1. Any chance you could count how many residues in region 41-64 are open to solvent by 40 Å² or more (accessible area, probe 1.4 Å) and either of a type in the set (Lys, Arg) or modelled with pLDDT of 95 or more (or both)?
2. Give region 119-141 a look and list any residue that's open to solvent by 40 Å² or more (accessible area, probe 1.4 Å) and small (Gly, Ala, Ser), or say none.
3. Within region 96-110, is even one residue over 29 Å from Lys175 (Cα atoms) and in contact with an Asp or Glu (Cβ under 6 Å, 6 or more places away or on another chain)?
4. Return the total of residues in region 142-191 being more than 22 Å from Thr102 (Cα to Cα), in contact with a Ser or Thr (Cβ under 7 Å, 6 or more places away or on another chain) and open to solvent by 20 Å² or more (accessible area, probe 1.4 Å).
5. So which of Gly87, Gly47, Gly103 ends up being in a loop (DSSP other than H, G, I, E, B), free of Cβ contacts under 8 Å to residues at least 40 places away in the same chain and over 14 Å from the mean Cα position of the chain (by Cα)?
6. Looking at Val70 and the list (1) more than 30 Å from Pro173 (Cα to Cα); (2) open to solvent by less than 40 Å² (accessible area, probe 1.4 Å), which single condition is not satisfied?
7. I'd like the full set of residues that are assigned to a strand (DSSP E or B), of a type outside the set (A, V, I, L, M, F, W, C) and without any contact (Cβ under 8 Å) to a residue 24 or more places away in the chain, limited to region 164-196.
8. Among the residues of region 108-152, what is the count of those that are assigned to a helix (DSSP H, G or I) and not small (Gly, Ala, Ser)?
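The values are calculated or read from the model by the stated rules, or taken from the named source; none is laboratory data. No experiment lies behind these values; they were computed from the predicted model shown. As a convention, Cβ positions derive from the backbone with ideal geometry for all residues, glycine included, and neighbour counts pool all protein chains shown. Side chains included, ligands, DNA and RNA excluded: accessible areas come from the protein's heavy atoms. Shrake-Rupley method; radii C 1.70, N 1.55, O 1.52, S 1.80 Å.
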Amino acid sequence: PKLSVKVRDELVTFGIPENLEVNEKGILGGGEHLSPEKVNELAEQLGEDLVFFDGRNAYEAKVGHFKDAVIPDIKSTKDFVAELDSGKYDYLKEKTVVTYCTGGIRCEILSVVMKNRGFKEVYQMKGGIVRYGNAFGDEGLWEGSLYTFDDRLTIDFSDHTKLIGTCAHCDGPTKEFRNCQKPECHQLVLLCDPCYDKHLDMPCKHDREIKRNRDLVG
């Protein structure tokens, strides 16, 4: 019933709109797109010489990521530029890197940022984790659940998804992101069922991963 169109400097906020070139086909200078099938072929061909680089916020990777992926310690997309400029990933500049994110949008920019900083061979996963998971389920190189930015919070690609998340209180296995119900907190954290049931009686020792500005999720 109502359409709103807004102009933004960046579709995903890396904070570097002046460093990006865009034409009618999209962002220029990014990594070559690889289909899920091509990703598997490249992984089989290169083995340990292929590096998966997570293009999401670190909390998303707590419940799922590609096997042996490099997961930057960032809390928001804006942190990527400083993280790459820090030099901690310079050892990857001579390796073959495949960037991935939820649907592939963030990697359109991330791959440009990496190539502009001397990473020589950078690819991006076409369609992101969603397309890969739909193609291979849990029989490929992906492990765990996928964090989503809606009220589902996580989705699985099969009925035998590997549980890799850990509860912020007891370190037990879980994939459940919950809002801490304490008035001073209200942060979204990984909590197993038993700890969530009694978390109001426990101190908030968890990392504050992300603030939710919507209705609380039980």
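1. Total satisfying the criteria: 5.
2. The answer is Ala135, and nothing else.
3. Here is the first cut: in region 96-110, the ones over 29 Å from Lys175 (Cα atoms) are 96.
Then drop every residue that is not in contact with an Asp or Glu (Cβ under 6 Å, 6 or more places away or on another chain), which leaves 96.
Yes; the residues of region 96-110 include at least one that is over 29 Å from Lys175 (Cα atoms) and in contact with an Asp or Glu (Cβ under 6 Å, 6 or more places away or on another chain).
4. Selection size over region 142-191: 1.
5. Details: Gly47 fails: in a loop (DSSP other than H, G, I, E, B); Gly103 fails: over 14 Å from the mean Cα position of the chain (by Cα).
After ruling out the rest, the residue left standing is Gly87.
6. It is condition (1) that Val70 fails.
7. Of region 164-196, the ones assigned to a strand (DSSP E or B) are 166, 173, 177-179, 187-190.
So of that shortlist, the ones also of a type outside the set (A, V, I, L, M, F, W, C) come out as 166, 173, 178-179, 187.
Once the filter is applied, which keeps residues that are assigned to a strand (DSSP E or B), of a type outside the set (A, V, I, L, M, F, W, C) and without any contact (Cβ under 8 Å) to a residue 24 or more places away in the chain, region 164-196 yields only Pro173.
8. Here is the first cut: in region 108-152, the ones assigned to a helix (DSSP H, G or I) are 108-116, 128-136.
Right, trim to not small (Gly, Ala, Ser) and you get 108-110, 112-116, 129-132, 134, 136.
Residues that pass the stated criteria total 14.
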